[in-house]
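Accompanying notes for the structure given below.
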Amino acid sequence: MSEFFVAGSWRNQAAVLTVVEALDSIGVSSYSFVRTEYDEDAAALAAPGGADNAALDSMGVRKLFEQDLAELRASEHFVLVLPAGAAAHIEAGIAFGLGKRCWAVGPVDRSETLYRIFEAMPADAAGLIEHITALPAVR
């Protein structure tokens, strides 16, 4: 399993990949939808607007849901790449509830009191790396 679970929006996929690559550069493992393999049933999720067209009761979507939750449970840290949609924010709440260290990275459109769950909210991937490399348990 991975040290970091990285969540975000398909519309913000490039920024999510930038964060994943920044984590790679310091030698920590991560799990993110940008590197997840999708079977035929779940492939519709990977297309633009795919969440609107995917059959939530299909076996592939169920498998992906279980895979994502297993990875989230097994991770030590959670990263939310902003801007992100409701699903990624739900994942952040799950991570916080599971006692994970939570981070957010990217522009903040508006202040939310529940963003207090995040240990830090740097503007970019470089800022995130600065924060996490200062931790004793992370390289």
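We did not get these values from a lab; they are worked out from the coordinates using the rules stated. Just so it is clear, the model here is predicted, and its values are computed rather than measured. Cβ: placed from backbone, ideal geometry, glycine included. Neighbour counts: every protein chain shown.
Worth a mention:
- GluC sites (Glu not before Pro) restricted to the range 54-139 and DSSP loop, no more than 14 other C-beta within 10 Å: E112, E119
- Cα-based Rg / Dmax (Å) for the chain: 14.5, 44
- Loop trypsin sites (Lys or Arg not before Pro), the range 83-125, which have at most 12 other Cβ atoms in a 10 Å radius of their Cβ (DSSP): R110
- Unit charges on C-beta of K, R, D, E only; dipole of the chain, Debye: 380 debye
- Angle of helix 13-25 to the longest C-alpha principal axis of the chain, folded into 0 to 90 degrees and rounded to 10: 50°.
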